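The values are calculated or read from the model by the stated rules, or taken from the named source; none is laboratory data. Everything quoted here is computed from the prediction, not taken from an experiment. A quick note on method: Cβ atoms are made from the backbone with ideal geometry, for glycine too, and the neighbour counts reach across all protein chains shown. Calculation scope for accessible area: heavy atoms of the full protein, side chains included, ligands and nucleic acids excluded. Shrake-Rupley method; radii C 1.70, N 1.55, O 1.52, S 1.80 Å.
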Amino acid sequence: MEKISLPQLIAELSDHSALYNQWYKESEMKYGTIPSQTLANWIVEVVEPIVEATIALNSASEKVHEIVKALYLETLKLIGSGLAIRYEDEYKVAWLLMAKMPNLVVKFPIKTILLLNDVLLNLHRYAPEKTSYWCKLIESNTVEIKTIEDFKIVGRIYAWKCGLAHIRTRLKADYAALSENLQHTILQNLGSDKTAYDLFENPWSNSNTKFEGVQGGFVGNTGYFEHPPRLAQIGEHVFVSDSKSSYALFADQFGKVLLPANAVDAAYIVSKAKQLDTSEKWIEKVNAEMDTSTISSVVATKDTLFFTLQNSYFLYVYSLGNA
């Protein structure tokens, strides 16, 4: 309390001290010891700036209570789960975005926090090195973000930009729902000279065959597979399995993602895997870079080539372009 300078926050914590202490004790019963100093620092460095920004829009004591309560309870969850300790800097930067969007916090305090936390969890899972970049992208749009739906859509688009390839196909309709100002800024930040339609419709920006890297790896080296995997196209999706685990594979210009596909039988995926067809149009271009006789399974969609190699734990990805 002695480090907090915002009078409204001091009054809120003081007037409802029994309630906040109760929530603290309940959280310790659920999570174990919650370091009081960590909590105090978070309140001063993160919660206070957010509350201060919201007071400029609504200083009613009941609104301050609603907002502080939401921030406090979600802070306890973050610290109790270890996320605010393990990823302290990233969560601080992300939460402080709320101080730049106080209009959302005033109207939807819990929903705004949960949307932020959900994006960070997904980025930690699929693109952990991009969380700070996502925050910078969002910050560039905070003035134009007027509604919680704007925030949800913009956050989703920038998560795709940061590597979440599996959400691209749903973004075209999302983008169309945004204001012209937001659309313009987003296209600039995506760094593309393509139209919005082409950007979301086509996975690759180039019009030629190009090696786009690998995905997967041995599970013992923070990868996914215990055995060399095989690929198969089932319906509109590409699946991969090592005979034990099953995944859906997504890839585009911004990233590659393997999503668990436990509902799809691993043996079925392996049984549907196809061998190399030397009559395919792309074979000569790929063959110049590697020995195609070692390819163990292959999937070629209209714009992307995926294949596996004998005794390799990786999936190889080539863009076939959009020409």
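Taking the stated definitions as given, is Tyr87 surrounded by fewer than 16 Cβ atoms within 10 Å (Cβ to Cβ) and in contact (Cβ under 8 Å) with a residue 12 or more places away in the chain? Break it down into steps so the answer makes sense when it comes.
Values: surrounded by fewer than 16 Cβ atoms within 10 Å (Cβ to Cβ): no; in contact (Cβ under 8 Å) with a residue 12 or more places away in the chain: yes.
In short, no.
For Gly223, only one of the following conditions fails: (1) among the small types (Gly, Ala, Ser); (2) free of Cβ contacts under 8 Å to residues at least 40 places away in the same chain; (3) surrounded by fewer than 18 Cβ atoms within 10 Å (Cβ to Cβ). What is its number?
The one condition Gly223 does not meet is (2).
Take segment 195-213 and flag every residue that is over 12 Å from Asp303 (Cβ atoms), modelled with pLDDT of 85 or more and open to solvent by 40 Å² or more (accessible area, probe 1.4 Å).
Within segment 195-213, Phe211 is the sole residue that qualifies.
From Lys3, Lys30, Lys25, which residue is surrounded by fewer than 14 Cβ atoms within 10 Å (Cβ to Cβ) and in contact with a Gly (Cβ under 7 Å, 6 or more places away or on another chain)? If you could, list the steps in order and put the result at the bottom.
On the way: Lys3 fails: in contact with a Gly (Cβ under 7 Å, 6 or more places away or on another chain); Lys25 fails: in contact with a Gly (Cβ under 7 Å, 6 or more places away or on another chain).
The conditions single out Lys30.
If you scan segment 110-168, which residues turn out to be of a type in the set (Asp, Glu) and out of contact with any Ser or Thr (no Cβ under 7 Å at 6 or more places or on another chain)? Step through it out loud before you land on a result.
To start, the set of residues in segment 110-168 that are of a type in the set (Asp, Glu) comprises 118, 129, 139, 144, 149-150.
Those that are of a type in the set (Asp, Glu) and out of contact with any Ser or Thr (no Cβ under 7 Å at 6 or more places or on another chain): Asp118, Glu129, Glu139, Glu149, Asp150.
Name every residue in segment 171-214 that is within 24 Å of Tyr126 (Cβ to Cβ), free of Cβ contacts under 8 Å to residues at least 12 places away in the same chain and part of a helix (DSSP H, G or I), in order of residue number.
Answer for segment 171-214, where residues must be within 24 Å of Tyr126 (Cβ to Cβ), free of Cβ contacts under 8 Å to residues at least 12 places away in the same chain and part of a helix (DSSP H, G or I): just Ala173.
Being outside any loop (DSSP other than H, G, I, E, B) and modelled with pLDDT under 90, is that true of even one residue in segment 245-264?
Keep residues of segment 245-264 that are outside any loop (DSSP other than H, G, I, E, B), which gives 246-252, 255-260.
With modelled with pLDDT under 90 added as a condition, the list becomes none.
No.
Are there any pairs, at least 6 apart or on different chains, whose C-beta atoms fall under 6 Å, with the first in segment 95-110 and within 13 Å of Thr142 (Cα to Cα) and the second of a type outside the set (Lys, Arg) and open to solvent by 10 Å² or more (accessible area, probe 1.4 Å), and if so, which?
Ala99/Pro49; Ala99/Ala53; Lys100/Thr142; Met101/Thr142; Pro102/Ala53; Pro102/Leu57; Leu104/Ile148
Give the residue, chosen from Leu57, Leu73, that is modelled with pLDDT of 95 or more, over 19 Å from Leu115 (Cα atoms) and open to solvent by 40 Å² or more (accessible area, probe 1.4 Å).
Numbers: Leu73 fails: over 19 Å from Leu115 (Cα atoms).
Of the residues listed, the single one that is modelled with pLDDT of 95 or more, over 19 Å from Leu115 (Cα atoms) and open to solvent by 40 Å² or more (accessible area, probe 1.4 Å) is Leu57.
Taking the condition touching a His at 6+ places or on another chain (Cβ under 9 Å), of a type in the set (Asp, Glu) and either free of Cβ contacts under 8 Å to residues at least 12 places away in the same chain or closer than 27 Å to Leu178 by Cβ (or both), does Glu139 pass? Reasoning before the result, please.
Details: touching a His at 6+ places or on another chain (Cβ under 9 Å): no; of a type in the set (Asp, Glu): yes; either free of Cβ contacts under 8 Å to residues at least 12 places away in the same chain or closer than 27 Å to Leu178 by Cβ (or both): yes.
So Glu139 does not fit the description; no.
Filter segment 100-136 for residues that are open to solvent by less than 30 Å² (accessible area, probe 1.4 Å) and over 14 Å from the mean Cα position of the chain (by Cα) and give the result.
Met101, Pro102, Leu104, Val105, Val106, Pro109, Thr112, Ile113 - these are the residues of segment 100-136 that are open to solvent by less than 30 Å² (accessible area, probe 1.4 Å) and over 14 Å from the mean Cα position of the chain (by Cα).
Give just the number: which of (1) more than 23 Å from Ile157 (Cα to Cα); (2) touching a Phe, Trp or Tyr at 6+ places or on another chain (Cβ under 9 Å) does Gln183 not satisfy?
(1)
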